[in-house]
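Encoded as structure tokens, the structure appears first; notes follow it.
The values are calculated or read from the model by the stated rules, or taken from the named source; none is laboratory data. Being a predicted model, the structure only gives us computed values, none of them experimental. Cβ: placed from backbone, ideal geometry, glycine included. Neighbour counts: every protein chain shown.
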Amino acid sequence: MENEIEFKNVCKSFYSLKGETHVLQNMNFTIKKGEIVAIVGPSGCGKSTLLNLISGLIKPDQGTIQISKKVGYMFQKDNLLEWRTVYKNITLGPEIKKIKVDNKHIDTLLEKYGLSEFKFHYPKELSGGMRQRVALLRTLVLDPDILLLDEPFSSLDYQTKITVQDDIYKIIKETQKTTILVTHDITEAIAMANRVLVLTKRPSTIKAVFDIQLDLKEEKTPFLARNSAKFKDYFNLIWEALDIHE
Ligand SMILES: Nc1ncnc2c1ncn2[C@@H]1O[C@H](COP(=O)(O)OP(=O)(O)OP(=O)(O)O)[C@@H](O)[C@H]1O
Ligand SMILES: [Mg+2]
């Protein structure tokens, strides 16, 4: 299978009057088409920076990054435009790119995510979870090949989170999108991903990689994944690799 993302010896620092923040140190990894890779690591270690590099928003100081396909990015903060309705937020990307939108498709997505009633509402009228769903739809509507999700479910309540995880997983699988999911939730990483990268604290590099194979009898969904006997073993391994006392 072809590599869609390749990092070779990537280093990144930020500079300010207070000095240098050395964020990423020698990051090396490849991601193939259709993979779902979860990234976990201590707060502030550079996970969002990694997605910013993949999206091309920022450039590495050293090393090379190769990306072979179109990238869609759902930011950690939802960045909804307060003066545009839900519908106008979702169609922002196509509008900028001067692509015609399929309104029927958008209505189906709105329906699916329980947002139909709010199509012409403004972001300030939405709950945190609804805002996050709008941000996700805005990313999906451009049909990217590579999906970058920065803590996409973090402001959802527990039950909504479990159902939205299943929905998104289904979309990702059906459309064979390559996905990088940044999360603080170890169970979410195991339930969604086929590979989990654990990062060290700053300057961050890859500390451990886990290939997730859950031996499920039925076809995998994030919900069913939690029933696998191996789930708890992966949880313990990743917990240990994260080593909060380090
Ligand atoms: N544009 C920037 N300018 C200066 N420093 C930055 C910039 N972006 C990130 N940093 C610094 O780089 C480090 C990594 O930030 P980043 O947001 O990538 O961490 P993170 O792993 O996503 O954290 P969290 O888990 O809290 O979301 C932090 O110390 C942050 O202050
Ligand atoms: Mg972050």
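Condition check ((1) in contact with a Lys or Arg (Cβ under 8 Å, 6 or more places away or on another chain); (2) more than 16 Å from ligand 1 (Cβ to nearest atom)) across all residues:
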| residue | (1), (2) |
| --- | --- |
| 18 | no, no |
| 39 | yes, no |
| 43 | no, no |
| 72 | no, yes |
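Within segment 37-59, restricting attention to residues that are β-branched (Val, Ile, Thr) and touching a helix residue (DSSP H, G or I) at 6+ places or on another chain (Cβ under 6 Å), which residue is nearest to ligand 2 (Cβ to nearest atom)? If we take residues in segment 37-59 being β-branched (Val, Ile, Thr) and touching a helix residue (DSSP H, G or I) at 6+ places or on another chain (Cβ under 6 Å), then 39 is nearest to ligand 2 (Cβ to nearest atom). Applying the condition of being assigned to a strand (DSSP E or B) and not polar (S, T, N, Q) to segment 165-187 and asking which residue is nearest to ligand 1 (Cβ to nearest atom) yields 182. With the structure loaded, tell me whether residue 30 is without any contact (Cβ under 8 Å) to a residue 40 or more places away in the chain, more than 8 Å from ligand 1 (Cβ to nearest atom) and either touching a Phe, Trp or Tyr at 6+ places or on another chain (Cβ under 9 Å) or within 27 Å of residue 177 (Cα to Cα) (or both) or whether it fails that test. Judged against the criteria, residue 30 is a match.
Taken over segment 1-22, the criterion of being of a type in the set (A, V, I, L, M) and modelled with pLDDT of 95 or more is satisfied by 5, 10. Residue 106 falls short of the stated requirement of being surrounded by fewer than 21 Cβ atoms within 10 Å (Cβ to Cβ), part of a helix (DSSP H, G or I) and modelled with pLDDT under 90.
Taking the listed residues 49, 64, the one that is assigned to a helix (DSSP H, G or I), of a type in the set (Val, Ile, Thr) and either modelled with pLDDT of 95 or more or within 16 Å of ligand 1 (Cβ to nearest atom) (or both) is 49, with no other qualifying. Close Cβ contacts (under 6 Å, 6 or more residues apart or on different chains) running from residues in segment 204-228 that are under 23 Å from residue 160 (Cα atoms) to residues that are hydroxyl-bearing (Ser, Thr, Tyr) and in a helix (DSSP H, G or I) comprise 222/169. Candidates in segment 68-87 are the residues that are crowded, with 16+ Cβ neighbours inside 10 Å and over 16 Å from the mean Cα position of the chain (by Cα); of these, the one that is nearest to ligand 2 (Cβ to nearest atom) is 80. Applying the condition of being away from ligand 1 (no atom under 16 Å from the Cβ) and either of a type in the set (Ser, Thr, Tyr) or crowded, with 21+ Cβ neighbours inside 10 Å (or both) to segment 145-161 and asking which residue is modelled with the lowest pLDDT yields 160. Only one of the listed residues (55, 13, 43) is of a type in the set (Ser, Thr, Tyr), touching a residue at least 12 places away in the same chain (Cβ under 8 Å) and exposed (fewer than 13 other Cβ atoms within 10 Å of the Cβ). That residue is 43.
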